[in-house]
Number of protein chains: 2
Amino acid sequence: MQKIARLLLLSILIYSCSNDNKVLVEDSEGNHPNLILTKSAVSEIKTQLGAIPIFDETLALAKEEVDEAIEKGIAVPMPKDMAGGYTHTQHKLNYAHMQKAGVLFQLLGDKKYAVFVRDMLLEYAKIFPTFDTHPEPRSYATGKFFWQCLNDSNWLVYTSQAYDCIYDWLPKDQTAYLNKNLFRPYADFLSVKNPKYFNRVHNHSTWGNVAVGMIGLVMDDEELINRSLYGLEKGNVDLNEKDNDGGFIYDKEGKAGFLANVDSPFSPDGFYTEGPYYQRYAMYPFLIFAEALQNKKPDLKIFDYKEGVLIKAVDALLNLTDADGEFFPLNDGQKGMSYYTSSLVSAVDIAYYYGNQDTRLLSVAKKQGTVQLDATGLKVAQDLKAGKEAPFVKQSMMLSDGSKGDEGGIGILRYNSQDDTMALVYKYAAQGLSHGHYDKLSFSLYENGDEVLQDYGLSRFVNVEQKNGGGYLKENKTYAKHTIAHNTVVQNGVSHYKYDFETGSKNHPEQFVFDASDVNFQIASAKESNAYPGTEMHRTLIMIKDDALGKPFIVDVFNLQSNSKNQYDLPFHYFGQIIATSFDYSVPKSLTTLGDKYGYNHIWNEGSGIANAESIQFTWLNNRRFYTLTSATSKSDEIIFARVGANDPKFNLRKDPSVIIRRNNTQNTTFASIIESHGTYNPVKEVAANAYSSFSKIEVISSDEDYTAIKLLFKKEEEKLLILANKDSNPNTEHNFKLKDKTVNWKGVYYYK
Amino acid sequence: MQKIARLLLLSILIYSCSNDNKVLVEDSEGNHPNLILTKSAVSEIKTQLGAIPIFDETLALAKEEVDEAIEKGIAVPMPKDMAGGYTHTQHKLNYAHMQKAGVLFQLLGDKKYAVFVRDMLLEYAKIFPTFDTHPEPRSYATGKFFWQCLNDSNWLVYTSQAYDCIYDWLPKDQTAYLNKNLFRPYADFLSVKNPKYFNRVHNHSTWGNVAVGMIGLVMDDEELINRSLYGLEKGNVDLNEKDNDGGFIYDKEGKAGFLANVDSPFSPDGFYTEGPYYQRYAMYPFLIFAEALQNKKPDLKIFDYKEGVLIKAVDALLNLTDADGEFFPLNDGQKGMSYYTSSLVSAVDIAYYYGNQDTRLLSVAKKQGTVQLDATGLKVAQDLKAGKEAPFVKQSMMLSDGSKGDEGGIGILRYNSQDDTMALVYKYAAQGLSHGHYDKLSFSLYENGDEVLQDYGLSRFVNVEQKNGGGYLKENKTYAKHTIAHNTVVQNGVSHYKYDFETGSKNHPEQFVFDASDVNFQIASAKESNAYPGTEMHRTLIMIKDDALGKPFIVDVFNLQSNSKNQYDLPFHYFGQIIATSFDYSVPKSLTTLGDKYGYNHIWNEGSGIANAESIQFTWLNNRRFYTLTSATSKSDEIIFARVGANDPKFNLRKDPSVIIRRNNTQNTTFASIIESHGTYNPVKEVAANAYSSFSKIEVISSDEDYTAIKLLFKKEEEKLLILANKDSNPNTEHNFKLKDKTVNWKGVYYYK
């Protein structure tokens, strides 16, 4: 409340003062701004100011921030530091402040903001020619003011907007000077001087393309605009060349430029192959440039491009979040990043304005509490004020991967009850470019905003300078990207595709079935036959809501058909405290690692036991909730209690636990498990409610290439039969299956009764 | 909002229906109820119902709960299970329901509630004589319906209130029957048949005393009342006899009974020697019986007893909580327990009513959102409605320990700013009876509601049946109670007092100084000379708020003067991820324990290094905040990264980390450290703000029996000199101290400039 009061006061001050004391600017005669803010939008916004709360508050905050920066004075230091260091941070602040100052100049009409942008640009123009590149040569594309071209592109994307806002206010000789001495050379630096950076299909290059395109639009420089949209001439390049991240430099088809970056990594459903964390990062350049193109090159119809994929991408991204709005950390993803980030503010506003005014987006904007300071934000603010928002209830959905949507995907199963939400994220997507992880057919599970079974995410402390300058840590490659860091099967201790990027990039799982039409029985199933040549993996994940149980439970059926005998490890990366196990185990006197490569070298073996039964149970407590894994076992299966953290000389890894079911010397087999959230612990009342599983057992009755039959035994003397067709996913096929005492007939991929 | 709406509806239903359809009860002719509810209170409450929101809501919830229980039917099973099991839980539910049903009968006048209590009591009376004790003989005092007398006492304390509410409604032959066949024998069972249970000074016995006293008051049985107040005749008992928890059976002075339990464990400040977790548990019997005594034996003036210690105890307990209201887990304490627990609802209401109507208590009651259903709750509800509450801002305070207040204590230093609160809890208290831990001069640190440097608390999952029936775990004795599980010095790897309970119980630290009068320089200091014979430990903890820094920092000065050379270990039990260290270290290929006893056997050595400098720094990240420990070292000091979890065959322990400064082969020495919370990490903005310490170094200039002089070096080229007088704590003594280049003069125990 206090914050709101302060903002209101600020808002009042802005509108009451701005027409009195300040030197106001006449409407200029040129046609700028025309990039993001337009002359007509500026006029309309000015008539609304003071009556559009969320917009007014955003503007007041921007004013507060920029006024403080002006007060502090301009600082354009010679580049020196890596991410997190002083010069890096200062240059980041500078472009953020300039972009806002440009907006403030236009909307409030106070010349001091234009002066601030101008003076800072002149400083940049002064030092730009005095050095070649940033002194830290740690990137495959070393930047100018930053250690990598990526950050320089950020600078140019934001600064272009500021420049556009003061362009007509500046004397012509000054724009000519800046164009010639700063902006055009900067655009050339990011493109022709860094072709390996500029010509990729990658989020980095998207920023590069957009940087060049935005400044091209401001300067009406058609050459830059075309370079931005279609890339550089490629000549004879090696399509297999890789960057220092291990990713390919060039697109498989050799395409480049902004449109290629829309074409290739986005699936028709709007899923971005690198994963949500990088999609979030890329959304800003994609959408801000689309907005600019729509303003200046409306004939391109960029928002209709690829059947409107840019708008679809915003919806996809919002759906790739947990109940708190945090992105699922698929592939390289830092946990905690959420749709509250500023790039999603822009994305939501732009998607609302240029899409079909999906009023669910308004409720996200309302949570974000801030808008983009342009026509899109104005519209959102007006419609929020008019109370048009609808709730954004995330539903189960399948998001295809691959530019044509035929390279697997992500299946999200959700169950929303009054008090809780459960979300299962099944990853059977493609490699995901250089940020991809080697986890085919893995899944993670969420309850409300909490991780139940986690995807480790990346190993990095973004912008924490002490941790490798805020960059990726060695352990990202040696642990986080490996298969064992995920909830999926590892064969013979080797990661999928032998951890080979080229192999991974050529292959992908195939969706077998996705059907969430029955909210009480939602199923997602996929196959992968290239992760381990000679072995076919087929995993089916089902979210079942049984009337007798308060919450849905998960059935996980993992079939392996191989031409050889193997060791199969199936890990479950839980959190919290072990409460009970159905099997005996022992703990060692000293800890050693589970292996010496493929990530196993980072895992301590904290204890192990033999299943010695046809079904085991493992109960744990986390976040004051009780969970149980019930799993069908071979009697000789080994159960391993594992914990990350070995061979971690800088303590970069989190010490997270997992339980691993290890099946040795086996050719064809089925792992069948039930995962339940069944109880709660209240430490104030000291009451453990439903601390025990509702199941006594899960049994694999039979499993072959055609069918897998499973029995689920409830403690309340009830049992359910689950039969899955493994070959034919046609929902209309009639099946029959002989059990000992009867024949079961059904239509479609599953039987459950 | 939904919940409140539902409650309002329920409230309306209660008051609109209760006078129509139900068989109402005439005012009875006897003098019951007169224990907690009284006839006059009932009359007054009835006139207010419907107009006292928090009371109405509490009553509506009670009605909902009891109606559901009545619907379900009465179940009084033969005792069988331990805590967490069915019969245990059912008997607990029974007394809770009966107590509430009694209140509902009185306040709503619906006979069905009296019938419910009566019928259940008759069931209990039927089975009571049919067996001797509970079948699980795991306690030193096996109970009847429960595995320990403690729970049976709970039953009787609650059930006495229910019985009182229907006493006059029952036919006289039925009360006579119940008195003779259930209540009197039950009271005898808990006292004369279990003298070792009944005659202790211990929270268990308090419950026993109160159970006997409450039912005595209901039955007007003066013998029971006297037995309750003064204990059993002791005869020739062995004062050194111990129970199976390792605690003494009898009070040092041989006193027993309720008044002895007020006299002995409470200090004059209201601190309860077992610690806040058990104080919270004991508050209910203490205060509910005090209320009953005040109602029936007002001449006792129980609330004035020991200068009003029972009311003071409520204030002390509320101050022994973090920003979320959770109790500091000193000694045996389960984390997460808070002042939202029902015993604190009673305590707050009773303290408000019978104390001096401290309006700060109303704001706690408001947060609790519920009241006791009697005159005290009525008063709270009325005064809350009248808007009388004042904020309960916790201040720094010293709480003495020992019945006379001369056995050390707890020093709490707090700093409250607009956004954050910092709380340091310095423990220099006495042993704390059988629930005490061996950590003299230890401390823990909180920021807002989060632990920064933790006290491990107990090792137990209370009421989680799978974990040893919900009882204490072996690791409580082998790890949690040991010194190394706390933030204080361990000499030669041996716990304080050699982990000997008798030695611990005979000794305690002595407060040297506590002065929180200057909010920018708050100091607590204490000495301990018996934990290690021949070694004097003197620790001073200071919370300093420097204008240049946003948050206060802690200076920790730990002096050791010994007659021999020793190894000193000073652990800091942090949480989270290591970000940076000023020293080099290496990590082992396999993990081994730090030792083989005194808790060291449960700790893995995850890595270590040599300080190799006169001051080291250690920065970590937790809860999105950066912390740094800056510590003066000898060059040969070893720094050990430790983690709990070794030799833990049932995974009972949490895998929590610590950093240990180890100083070898040293006689007299001073550990001087700075602990700062200096920065934040925002994963949405990916900004690390103030990720570095504000200090470059801390130096011990000199340290001897008389003075310790320390220099704090800020990075901003400033330094501060801190001199502590070690012998004379008189605030008026004039000191002078010669430095190399000057002489410093000051008055009082410290100099800081």
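The values are calculated or read from the model by the stated rules, or taken from the named source; none is laboratory data. No experiment lies behind these values; they were computed from the predicted model shown. Heads up, the Cβs are rebuilt from the backbone with ideal geometry, glycines too, and the neighbour counts pull from every protein chain shown.
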> Which residues, taken from the stretch B:386-424, are farther than 21 Å from residue B:454 by Cα and among the acidic types (Asp, Glu)?
Replying inline: B:389, B:401, B:406, B:407, B:419
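Among the candidates B:105, B:146, B:131, single out the residue that is within 22 Å of residue B:469 (Cβ to Cβ) and surrounded by 19 or more Cβ atoms within 10 Å (Cβ to Cβ).
Details: B:105 fails: within 22 Å of residue B:469 (Cβ to Cβ); B:131 fails: surrounded by 19 or more Cβ atoms within 10 Å (Cβ to Cβ).
Among B:105, B:146, B:131, only B:146 is within 22 Å of residue B:469 (Cβ to Cβ) and surrounded by 19 or more Cβ atoms within 10 Å (Cβ to Cβ).
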> residue B:535 passes all but one of (1) crowded, with 24+ Cβ neighbours inside 10 Å; (2) more than 23 Å from the chain's Cα centre (by Cα); which number fails?
Replying inline: (1)
>> Only one of A:406, A:439, A:419 is on the phi < 0 side of the Ramachandran plot, surrounded by 24 or more Cβ atoms within 10 Å (Cβ to Cβ) and free of Cβ contacts under 8 Å to residues at least 60 places away in the same chain. Can you tell me which?
In response: A:439
> Before we move on, is residue A:133 part of a helix (DSSP H, G or I) and within 28 Å of residue A:180 (Cα to Cα)?
Replying inline: no
>> Considering only residues that are charged (D, E, K, R) and under 21 Å from the mean Cα position of the chain (by Cα), which ones fall in the stretch B:347-365?
In response: B:349, B:360
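What do you reckon, is residue B:330 assigned to a loop (DSSP other than H, G, I, E, B) and more than 14 Å from chain A (Cβ to nearest Cβ)? Even if it seems obvious, please write down each step before you answer.
Working: assigned to a loop (DSSP other than H, G, I, E, B): yes; more than 14 Å from chain A (Cβ to nearest Cβ): yes.
So residue B:330 fits the description; yes.
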>> Go through (1) away from chain B (no Cβ under 14 Å); (2) at pLDDT 95 or above; (3) within 30 Å of residue A:488 (Cβ to Cβ); (4) touching a strand residue (DSSP E or B) at 6+ places or on another chain (Cβ under 8 Å) for residue A:431 and report which single condition fails.
In response: (4)
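Any residue at all in the stretch A:266-275 that's more than 17 Å from residue A:154 (Cα to Cα), part of a helix (DSSP H, G or I) and touching a strand residue (DSSP E or B) at 6+ places or on another chain (Cβ under 9 Å)? Give the derivation first.
Initially, the stretch A:266-275 is screened for residues more than 17 Å from residue A:154 (Cα to Cα), giving A:266-275.
With part of a helix (DSSP H, G or I) added as a condition, the list becomes none.
Checking the stretch A:266-275: not a single residue is more than 17 Å from residue A:154 (Cα to Cα), part of a helix (DSSP H, G or I) and touching a strand residue (DSSP E or B) at 6+ places or on another chain (Cβ under 9 Å).
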>> Any residue that is small (Gly, Ala, Ser), part of a helix (DSSP H, G or I) and over 26 Å from the mean Cα position of the chain (by Cα) - is there at least one of those in the stretch A:99-106?
In response: yes
> Looking at (1) within 14 Å of chain B (Cβ to nearest Cβ); (2) touching a residue at least 24 places away in the same chain (Cβ under 8 Å), can you tell me which one residue A:588 breaks?
Replying inline: (2)
> If a residue has to be on the phi > 0 side of the Ramachandran plot and surrounded by 23 or more Cβ atoms within 10 Å (Cβ to Cβ) to count, how many in the stretch A:271-324 make the cut?
Replying inline: 1
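Could you list all residues from the stretch A:489-507 that are touching a strand residue (DSSP E or B) at 6+ places or on another chain (Cβ under 9 Å) and crowded, with 24+ Cβ neighbours inside 10 Å? Don't jump to the end; show me each part of the working.
At the first step, the residues of the stretch A:489-507 found to be touching a strand residue (DSSP E or B) at 6+ places or on another chain (Cβ under 9 Å) are A:489-493, A:496, A:501-502, A:505, A:507.
Residues satisfying the conditions are A:489, A:490, A:496.
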> So which residues in the stretch A:558-585 are more than 10 Å from every other protein chain (Cβ to nearest Cβ) and part of a strand (DSSP E or B)?
Replying inline: A:558, A:559, A:560, A:561, A:562, A:566, A:567, A:568, A:569, A:570, A:571, A:572
> Which of the residues belonging to the stretch B:618-636 are crowded, with 19+ Cβ neighbours inside 10 Å and at the interface with chain A (Cβ under 10 Å from one of its Cβ atoms)?
Replying inline: B:619, B:620, B:621, B:626
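Considering only the stretch B:252-265, how many residues are assigned to a helix (DSSP H, G or I) and closer than 16 Å to residue B:407 by Cα? Before the answer, list the steps.
Just the residues of the stretch B:252-265 that are assigned to a helix (DSSP H, G or I), to begin with: B:258-263.
In the following step, the residues that additionally are closer than 16 Å to residue B:407 by Cα were identified as B:263.
Matching residues across the stretch B:252-265 total 1.
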> Which fully enclosed helices (runs of 4 or more DSSP H) of the stretch A:170-211 have 1 or more residues being among the basic types (Lys, Arg), more than 18 Å from residue A:147 (Cα to Cα) and free of Cβ contacts under 8 Å to residues at least 60 places away in the same chain?
Replying inline: A:172-178, A:184-190
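Do you know which of the residues in the stretch B:352-369 that are in a loop (DSSP other than H, G, I, E, B) and away from every other protein chain (no Cβ under 14 Å) is nearest to residue B:379 (Cα to Cα)?
Step one: filter the stretch B:352-369 for residues in a loop (DSSP other than H, G, I, E, B), giving B:355-359, B:369.
Imposing the further condition that a residue be away from every other protein chain (no Cβ under 14 Å) reduces the set to B:355-359.
Working: B:355: 12, B:356: 12, B:357: 10, B:358: 12, B:359: 12 Å.
That would be B:357.
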>> Go through the stretch B:460-473 and report how many residues are more than 7 Å from chain A (Cβ to nearest Cβ) and touching a Ser or Thr at 6+ places or on another chain (Cβ under 8 Å).
In response: 2
> Quick one: residue A:349 ticks every box in (1) surrounded by 24 or more Cβ atoms within 10 Å (Cβ to Cβ); (2) away from every other protein chain (no Cβ under 14 Å); (3) among the charged types (D, E, K, R); (4) over 17 Å from residue A:58 (Cα atoms) bar one, so which box is it?
Replying inline: (4)
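Go over the candidates A:124, A:163, A:95 one by one and state the one that is buried (at least 18 other Cβ atoms within 10 Å of the Cβ), touching a residue at least 60 places away in the same chain (Cβ under 8 Å) and more than 27 Å from the chain's Cα centre (by Cα).
None of the other options fit; the residue is A:163.
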>> What's the number of the only condition in (1) buried (at least 24 other Cβ atoms within 10 Å of the Cβ); (2) among the charged types (D, E, K, R); (3) under 25 Å from residue A:578 (Cβ atoms) that residue B:460 fails to meet?
In response: (1)
> Which residue, of A:489, A:494, A:513, is over 21 Å from the mean Cα position of the chain (by Cα), in contact (Cβ under 8 Å) with a residue 40 or more places away in the chain and more than 24 Å from residue A:675 (Cβ to Cβ)?
Replying inline: A:494
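Across the stretch A:591-608, which residue is surrounded by the fewest Cβ atoms within 10 Å (Cβ to Cβ) among those that are of a type outside the set (D, E, K, R) and within 11 Å of chain B (Cβ to nearest Cβ)? Outline the logic, then answer.
As a first pass, look at the stretch A:591-608 and keep what is of a type outside the set (D, E, K, R): A:591-595, A:598-605, A:607-608.
The next check asks that each one be within 11 Å of chain B (Cβ to nearest Cβ); those that pass are A:591-593, A:601, A:604-605, A:607.
Details: A:591: 23, A:592: 12, A:593: 18, A:601: 17, A:604: 24, A:605: 19, A:607: 22.
Per the stated criteria, the residue is A:592.
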>> Looking only at the stretch A:356-374, filter to residues that are small (Gly, Ala, Ser) and farther than 16 Å from residue A:62 by Cβ; which one of those is surrounded by the fewest Cβ atoms within 10 Å (Cβ to Cβ)?
In response: A:363
